[in-house]
């Protein structure tokens with residue numbers, strides 16, 4: 001059910017707005033200025049379409065067929081053929097929130113009035129989004145230039161009544177959904193097919209949702225590290241603010257501050273802080289490693305914030321000057337590089353987490369019972385969850401190989417350098433999900449380790465709140481149990497955001 005309307009002008013959309021529309025059910029509408037700009041550009045294109053001028057994508061074919069002139073009576077058919085021939089993706093469809101984000105970003109860029117789409121066609125796309133008709137868009141098939149041609153064509157053919165959609169909880173033919181919602185399929189005019197399928201909205205949508213999830217996971221990583229620090233009876237010196245002032249990366253300073261706040265009041269750290277002057281890197285260098293990932297996420301966010309309000313199709317219409325320019329704004333390289341960086345940053349959060357897990361489980365290192373279970377030998381305890389983390393970290397190492405260093409020429413060498421940005425975004429999300437799982441396992445292991453220390457001392461305020469919240473869903477393990485449901489329960493605490501919320505309710509918002 002719609003919760004409100006986001007007004008789109010192509011210039012001021014925020015990532016928070018993307019979340020509102022894609023995950024919270026907000027509707028959208030065009031600003032008055034957007035309506036004026038769209039109508040102005042559409043009028044210019046209509047005039048060109050009836051002329052004999054050579055204008056790419058309006059009076060000619062596409063890509064390597066740009067030299068083929070199209071007769072005026074065939075120019076509508078040209079646009080329809082473009083979408084149907086390009087809607088050839090494969091694989092599982094994007095989830096609904098990503099599909100809604102794709103629709104939103106396409107509407108937003110078209111609302112700038114540089115694409116030549118008619119107001120009627122754009123309003124039909126808006127109607128689909130607001131009616132919650134979500135075309136099935138296969139995830140595979142984009143090379144990231146000219147943008148996300150295949151995914152966006154699957155979206156666009158829905159306006160013609162082609163394909164299938166998720167509607168009212170079922171997968172139905174698009175025509176059935178349109179009829180039920182009282183929406184008429186459109187007939188395409190000149191340039192409209194090209195305006196709908198040429199751009200970076202799919203990779204951009206995946207990235208915009210992922211960055212919000214990553215920022216919460218970064219907080220979760222700090223919470224997990226703080227609990228592990230206390231479970232291992234670590235020392236506090238590496239988090240002293242004076243150290244981080246001397247190397248003033250924002251992420252590093254924020255993480256050190258978070259660890260200090262999470263462990264504030266810890267009797268465990270106070271009791272053991274004189275036992276040694278430093279810990280292993282997986283504890284001592286948490287600010288530097290987690291912080292670097294946070295700074296990487298901040299860079300990715302800055303790229304995504306530019307992209308969601310950019311015009312990325314081709315050719316671009318400049319109605320005030322009466323010009324049409326063929327350029328390369330559809331090329332996904334900025335996003336491809338950013339999402340490759342995103343994946344590497346997320347993988348590092350998992351990598352250092354797995355090392356903390358390993359330390360807690362080794363009795364000679366941790367001073368805790370072997371594998372955190374009494375009666376080890378008869379019981380394996382948490383031996384194998386660390387194996388699972390190790391396997392996920394290894395998967396991430398492969399997935400973190402950059403997509404953007406690859407390019408396969410397409411379209412008879414007309415499109416001879418492509419970004420692979422679509423896959424960069426998709427695998428970044430896969431890495432992030434693996435990292436979430438690794439952190440869930442660390443939280444389960446570190447909470448068990450902390451229980452042994454609680455017999456003598458109390459933890460910090462933040463770690464105590466986190467431990468209590470974990471224990472509300474996952475019990476202390478006295479002997480071997482079926483661990484899969486417990487891991488799933490812990491993972492759910494991360495997916496719904498409840499763990500971070502519980503900690504912040506106790507100590508205030510984390511950096």
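Each value in this text was obtained by applying a stated rule to the coordinates, not by laboratory testing. Computed from a predicted model, the values in this text were never measured in an experiment. Ideal geometry is used to build each Cβ from the backbone, glycine not excepted, and the neighbour counts take in all protein chains shown.
Residues of the stretch 205-232 with amide nitrogen under 16 Å from the 7 Å Cα-to-Cβ point of residue 270?
230
Expressed as a rounded percentage, what relative contact order does the stretch 79-219 have, with Cα pairs under 8 Å and six or more residues apart?
That works out to 35 percent.
Can you pull the one-decimal nm distance between simple spin-label points at residue 5 and residue 96, each 7 Å off the Cα toward Cβ?
Going from the residue 5 label point to the residue 96 one covers 2.3 nm.
For a protection proxy built on the mean count of beta-carbon atoms within 10 angstrom, sort 260-266, 84-90 highest first, please.
260-266, 84-90
Peptides 96-109, 321-334: what's the order by average Cβ count within 10 Å, highest mean first?
So the peptides 96-109, 321-334, ranked by packing, come out 96-109, 321-334.
Output the 0 to 90 degree angle, nearest 10, between the alpha-carbon long axis of helix 15-24 and the longest principal axis computed from the alpha carbons of the chain.
It is inclined by approximately 90 degrees.
With runs of 4+ DSSP H residues as the only contributors, calculate the mean residue ellipticity of the chain at 222 nm using -39,500 (n - 2.57) per run, divided by the residue total and rounded to the nearest 500.
-18000 deg cm²/dmol
Can you tell me how the stretch 121-221 classifies by the Cα gyration tensor, rounded, prolate or oblate, using a/c under 1.5 as the rounded cut?
Oblate, since a/c reaches 1.5 and b/c is not below a/b.
To check you understand DSSP bridge types, tell me what percent of the beta bridges within the chain (both residues inside) are antiparallel, rounded to 5.
Here the share of antiparallel DSSP bridges comes out near 70 percent.
Computed on alpha carbon atoms, what radius of gyration and Dmax characterise the stretch 207-507, expressed in Å?
Rg and Dmax of the stretch 207-507, Cα atoms, are 22.1, 81 Å.
What is the Cα radius of gyration of the chain over 2.2 N^0.38 Å, N being its residue count?
1.12
May I ask for the percentage of alpha-carbon pairs in the stretch 145-292 that lie more than 20 Å from each other?
For the stretch 145-292, the fraction of Cα-Cα distances above 20 Å is 65 percent.
For helix 119-130, what angle does its Cα long axis make with the longest principal axis of the chain, in degrees from 0 to 90 and rounded to 10?
30
Relative to the first principal axis of the alpha-carbon coordinates of the chain, what is the inclination of helix 461-471, with its axis defined by its Cα atoms, in degrees from 0 to 90 and to the nearest 10?
80
Could you compute how fast the stretch 282-419 diffuses translationally, taking Rh as the Kirkwood radius over C-alpha pairs and applying Stokes-Einstein at 25 °C with viscosity 0.890 mPa s? Give it in µm² per second.
129
Can you work out the FRET efficiency for the pair residue 285 and residue 181, with r the C-beta to C-beta distance and R0 = 51 Å, to the nearest 0.05?
For R0 = 51 Å, the calculated efficiency reads 0.40.
On a full-extension model of 0.36 nm per residue, what is the gain between residue 23 and residue 306, subtracting their alpha-carbon distance, rounded to one decimal in nm?
Full-extension gain reported as 99.8 nm.
Quick check: pseudo-label points 7 Å beyond the Cα along Cα→Cβ at residue 277 and residue 246, how many nm apart are they?
So the two model labels end up 1.3 nm from each other.
Taking 0.36 nm per residue of separation and subtracting the Cα-Cα distance, what length does fully extending residue 504 through residue 14 add?
174.0 nm
Over the Cα atoms of the stretch 1-123, Rg to Rh with Kirkwood Rh, two decimal places?
Rg divided by Rh gives 1.04.
Go through 115-121, 198-204 and give me the packing order, highest mean Cβ count within 10 Å leading.
198-204, 115-121
Give me the distance in nm between label points sitting 7 Å out from Cα along the Cα-to-Cβ direction at residue 414 and residue 171, one decimal.
3.3
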